[in-house]
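Student: Please read through the structure below; I'll follow up with questions.
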Amino acid sequence: GERKEKMAEFIGAKEGFALPVNNKNIEIYQFEKNDKKLKEITKNKEFEIEGIAKIPVEVNGNFILIASEHPDKDEIIEIFNSFDGSK
């Protein structure tokens with residue numbers, strides 16, 4: 001599917017996009033290395049939208065994946081974790 005840019009700065013990321021996978025979006029965000037927010041997300045395995053929700057995420061290096069509600073999340077997570085996210 002077609003990649004759609006997201007407002008990455010809203011969550012403190014450098015870049016972010018949504019990508020449809022089997023007609024349901026996943027989101028991927030890239031953070032700067034050693035980013036304070038990324039360290040917090042990595043520790044908690046979730047991203048908190050203050051006062052609204054806590055969203056489970058997968059972390060791979062400087063990238064986070066939001067796919068917890070996707071029906072194919074296990075396969076998506078496996079693929080996400082297979083690449084070197086530390087670049």
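Student: Around Leu38, with a cut-off of 11 angstrom between Cβ atoms, what is the net charge of the other residues, counting Lys and Arg +1 and Asp and Glu -1? If you can, show how the numbers build up before the last one.
Tutor: Values: positive: Lys14, Lys33, Lys36, Lys37, Lys39, Lys43; negative: Glu32, Asp35, Glu40.
Cβ neighbours under 11 Å give a net charge of +3.
Student: Something else about it: How large is the helix-only mean residue ellipticity at 222 nm for the chain, computed as the sum of -39500 (n - 2.57) over DSSP H runs with n ≥ 4, divided by its residue count, in deg cm²/dmol to the nearest 500? Each step should come with its number before you reach the end.
Tutor: Working: 2 runs with 18 residues, N = 87.
So the calculated ellipticity at 222 nm is -6000 deg cm²/dmol.
Student: Turning to a different aspect of this structure: Pick out which of Glu40, Glu69, Glu50 has the largest mean-square fluctuation in a Gaussian network model of the chain, springs linking Cα atoms closer than 10 Å.
Tutor: Taking springs between Cα atoms under 10 Å, the residue moving most is Glu50.
Student: So what's the net charge close to Ala8: Lys and Arg +1, Asp and Glu -1, counting the other residues with Cβ under 14 Å from its Cβ? Let's see the in-between values first.
Tutor: On the way: positive: Arg3, Lys4, Lys6, Lys14, Lys37; negative: Glu5, Glu9, Glu15, Glu27, Glu32, Asp35.
Result for the local shell: -1.
Student: Number of Lys pairs in segment 12-69 with C-alpha atoms less than 26 angstrom apart, excluding same-chain neighbours closer than eight positions?
Tutor: Summing the qualifying lysine pairs gives 20.
Student: Rounded to two decimals, what is Rg over Rh for the chain when you use alpha-carbon atoms and the Kirkwood radius?
Tutor: Rounded to two decimals, Rg over Rh is 0.93.
Student: Quick one: pull the percent of accessible area on the chain belonging to carbon and sulfur, 1.4 Å probe, ligands and nucleic acids left out.
Tutor: On the way: 2850 of 5940 Å².
Answer for the chain: carbon and sulfur cover 48 percent of the accessible area.
The values are calculated or read from the model by the stated rules, or taken from the named source; none is laboratory data. Source: prediction; values computed, not measured. Neighbour counts are summed over all protein chains in view; Cβ atoms, including those assigned to glycine, are modelled from backbone coordinates with ideal geometry. Surface areas here come from the heavy atoms of the whole protein model, side chains and all, with no ligands, DNA or RNA. Shrake-Rupley method; radii C 1.70, N 1.55, O 1.52, S 1.80 Å.
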